[in-house]
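Enquirer: One structure, pasted below without further comment.
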Amino acid sequence: MTTEQAPAAAKVDLKLEVVVIPAADVDRAKRFYQDLGWRLDADFVRPDGSRAVQLTPPGSPTSIHLGSGAGLPRFLIVNDIERARAELIARGADVSEVFHRGAEGRIKGPDPERPSYGSLATFNDPDGNVWLLQQVTQRLPGRVDGNSTTFNSSADLAAALRRAAAAHGEHEKRTGGHDANWPDWYAEYIVREQAGKPLPE
C-alpha cells in the first residue's frame, strides 16, 4: 500500500473498553475472575432486564463483561458518538442510528439527558463480529485512578478541554464574572471528570 492509498488517520478516538466473554453460569465465572484478583466494577440489572457484570484485570484499561448468547459485542468508547459514527460511515462501516436503552429495549436517538454510557450505536465487521459504540465523557467512579490523568491523543485532550470550557462558562454565569483562576478550575474539572468524581460547580 502506497502513501496515497493509505487511509488518513482517524480524527475520533475509539478506545477498546470491554470485551464480552461467554459464560454459561455468570455467578461461577464472576467468582473465578474475582479469585484471580480481578476488580468487580459492576453487577446490576439493566432496565431491559438483562444483567451486567463487569470485571477488570489488574492494571488493564480494558474490562470484560460476562454474557451469554450469540453476537456478543465488543465495546468502544468515544467522546462524541455522532462524530465517531460519521467518521466510521465515511470509512465504509454500516453504523446503526444512535439509540439509548429503556424498559422496552432500544429507543431511537441519543439519551435526552446525555449521560455518560447512555447513547449507543452498533456496527458489524465482515465476519459478523458486533461492535458497540458508547459515548462516555465522565467515567464511573473507580474505573480510572484519580491520581493518574492521561490522554491518548490530542483529540481526546481537546474534547476534554471543550467540555471544561462549556462547564466553566456556566460556572462564570453563576458566580457573576470572569474567573481569574480558570486554569486551576479547568484542571480540577478534567481530573475529576476522568476519575468519575463529583464535578466542580
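Enquirer: If the cut-off is a Cα-Cα distance under 16 Å, which aspartates and glutamates reach LYS15, setting aside same-chain residues fewer than 8 apart in sequence?
Expert: Leaving aside aspartates and glutamates fewer than 8 places away in the same chain, those within reach of LYS15 are ASP80, GLU82, GLU87, ASP156.
Enquirer: For LYS108, which aspartates and glutamates qualify as cross-link partners when the Cα separation must be under 12 Å and same-chain residues fewer than eight apart are set aside?
Expert: Within the straight-line cut-off, LYS108 pairs with GLU97.
Enquirer: Return the distance in nm (one decimal) between the two label points of a simple spin-label model at ALA180 and GLU97, each offset 7 Å from Cα along Cα→Cβ.
Expert: That separation, rounded to one decimal, is 5.2 nm.
Every number in this text was worked out from the coordinates using simple rules, so none of it is lab data. Since the structure is predicted, the reported quantities are computational estimates derived from the model, not experimental observations. Note that each Cβ is placed from the backbone with ideal geometry, even for glycine, and that neighbours are counted across all protein chains shown.
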